[in-house]
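Undergrad: Pasting in a structure now, in C-alpha cells, and then I'll have a few things to ask.
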Amino acid sequence: QECDVKYDLEVYDRVMEAFGSLPIACVINDKFLAVHGGLSPDVEVMNTIVSFNRFNEPPRDGPLCDFLWSDPCDKDTDAIGIDWLPNKTRGCSFIFGAKAATPFLNKNNYLTIIRGHEAQLEGYKMSKWNPKVEFPSVITVFSAPNYCDVYHNKGAFIKFVNNTINIQQYVFSPHPFILPNYMNVFSWSIPFVS
C-alpha cells in the first residue's frame, strides 16, 4: 500500500521482481556462507544450490524454502544435541542445530553461517556451538531497527575489512507522521470541517 500511494503499482512490481531475482546465498572470503534463513537437510555441499530455480515463487518445502526460512536453534545449550526439528514458528522448513551445522561447515570448509531473517534485540546474535572453534557457528544479523515499530531492537550490519569482521549497531529514527491509510490532509479533514 505504501509503495502504491507514494509511487505506483509498476514500481511495486519492479521491486518484487528484484527481490525474486536476488541470489539465495553467497560465499564471502571463501569462509563465510551468507543466506537469508539457514540450512537445508537436502543440501550437503554448496554446489547443489546452482540447480535451484530462483526465478519463481519459493515453494512451501524443499531446499529453496529451507535456505529462505530455516532458523538456528534458539538456545546454544540446546543446539549441541539437535540436527533438524520442524519449524513450528514459521509453519515451514526446519530449526537446525550443531549436529546439522557443524558437518555442513566442515564439508564445505566454511567458518560460519551468516544469516538475517530474525529480529535480535541487539541487532545480532552469535551462536557458538562448536567448542573446538572460538568463532561462532552461526551469526544472525538483523538490519531493521525497531522492527514493525514494536520490537525496540537495534539494527546491525557486518563489515568485512581485510578478513576481519566488524559488527556495527545502530538505533531507529522516528518516522514522520503519516495519516491513517496514507490519506491526504484534505480528505482526512472533511468530516471535521462539516
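Undergrad: Residues of the stretch 1-46 being assigned to a helix (DSSP H, G or I) and either under 25 Å from Asn87 (Cβ atoms) or touching a strand residue (DSSP E or B) at 6+ places or on another chain (Cβ under 7 Å) (or both), which ones? Talk me through it step by step, then tell me what you get.
TA: Pass one, the stretch 1-46, residues assigned to a helix (DSSP H, G or I): 2-6, 9-19, 46.
Matches in the stretch 1-46: Met16, Phe19, Met46.
Undergrad: Looking only at the stretch 135-192, count every residue that is closer than 22 Å to Gln1 by Cα, of a type in the set (Gly, Ala, Ser), open to solvent by less than 70 Å² (accessible area, probe 1.4 Å) and within 24 Å of the chain's Cα centre (by Cα) and tell me the total.
TA: Total satisfying the criteria: 1.
Undergrad: Are any residues in the stretch 12-37 surrounded by 10 or more Cβ atoms within 10 Å (Cβ to Cβ), on the phi < 0 side of the Ramachandran plot, touching a residue at least 12 places away in the same chain (Cβ under 8 Å) and not aliphatic (A, V, I, L, M), and if so, which ones?
TA: Passing the criteria: Gly20, Pro23, Lys31, Phe32, His36, Gly37.
Undergrad: If Leu179 passes every condition in (1) within 19 Å of Asp76 (Cβ to Cβ); (2) at pLDDT below 90 but one, which one does it miss?
TA: (1)
Undergrad: Quick check: is even one residue across the stretch 59-73 in contact with a Gly (Cβ under 7 Å, 6 or more places away or on another chain) and among the hydroxyl-bearing types (Ser, Thr, Tyr)?
TA: For the stretch 59-73, residues in contact with a Gly (Cβ under 7 Å, 6 or more places away or on another chain) and among the hydroxyl-bearing types (Ser, Thr, Tyr): present.
Undergrad: Could you list, in sequence order, all residues of the stretch 141-194 that are hydroxyl-bearing (Ser, Thr, Tyr) and without any contact (Cβ under 8 Å) to a residue 60 or more places away in the chain?
TA: Step one: of the stretch 141-194, the residues hydroxyl-bearing (Ser, Thr, Tyr) are 143, 147, 151, 164, 170, 173, 182, 187, 189, 194.
Within the stretch 141-194, Ser143, Tyr147, Tyr151, Thr164, Tyr170, Ser173, Ser187, Ser189, Ser194 meet the criteria.
Undergrad: Here's something else I'd like to know. Identify, please: which residue in the stretch 102-134 is over 12 Å from the mean Cα position of the chain (by Cα) and among the β-branched types (Val, Ile, Thr) and is, among those, least open to solvent (accessible area, probe 1.4 Å)?
TA: Ranking the candidates gives Thr112 first.
Undergrad: Please name all residue pairs, on different chains or six or more residues apart, with Cβ atoms under 6 Å, provided the first residue is in the stretch 59-81 and is small (Gly, Ala, Ser) and the second residue is in a helix (DSSP H, G or I).
TA: From the stretch 59-81, the pairs are Ala79/Ala98.
Quick grid of which residues meet (1) of a type outside the set (A, V, I, L, M); (2) assigned to a helix (DSSP H, G or I); (3) farther than 19 Å from Pro23 by Cα; (4) open to solvent by 40 Å² or more (accessible area, probe 1.4 Å):
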| site | (1), (2), (3), (4) |
| --- | --- |
| Asp66 | yes, yes, no, no |
| Asp74 | yes, no, yes, yes |
| Thr77 | yes, yes, yes, yes |
| Gly91 | yes, no, yes, yes |
| Ala100 | no, yes, yes, no |
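Undergrad: Please pick out the residue among Val43, Val50 that is hydrophobic (A, V, I, L, M, F, W, C), more than 23 Å from Ser143 (Cα to Cα) and touching a Pro at 6+ places or on another chain (Cβ under 8 Å).
TA: Numbers: Val50 fails: touching a Pro at 6+ places or on another chain (Cβ under 8 Å).
Result of the check over Val43, Val50: Val43.
Undergrad: Sticking with this one: Would you point out the residue of the stretch 38-59, among those that are among the hydroxyl-bearing types (Ser, Thr, Tyr) and open to solvent by less than 60 Å² (accessible area, probe 1.4 Å), that is modelled with the lowest pLDDT? Working first, answer last.
TA: Residues of the stretch 38-59 that are among the hydroxyl-bearing types (Ser, Thr, Tyr), as a first pass: 40, 48, 51.
Checking which are open to solvent by less than 60 Å² (accessible area, probe 1.4 Å) leaves us with 40, 48.
Working: Ser40: 97, Thr48: 88.
Only one residue tops the list, namely Thr48.
The values are calculated or read from the model by the stated rules, or taken from the named source; none is laboratory data. Being a predicted model, the structure only gives us computed values, none of them experimental. Glycine also receives a Cβ, built like all others from the backbone with ideal geometry; neighbour counts cover every protein chain displayed. Side chains included, ligands, DNA and RNA excluded: accessible areas come from the protein's heavy atoms. Shrake-Rupley method; radii C 1.70, N 1.55, O 1.52, S 1.80 Å.
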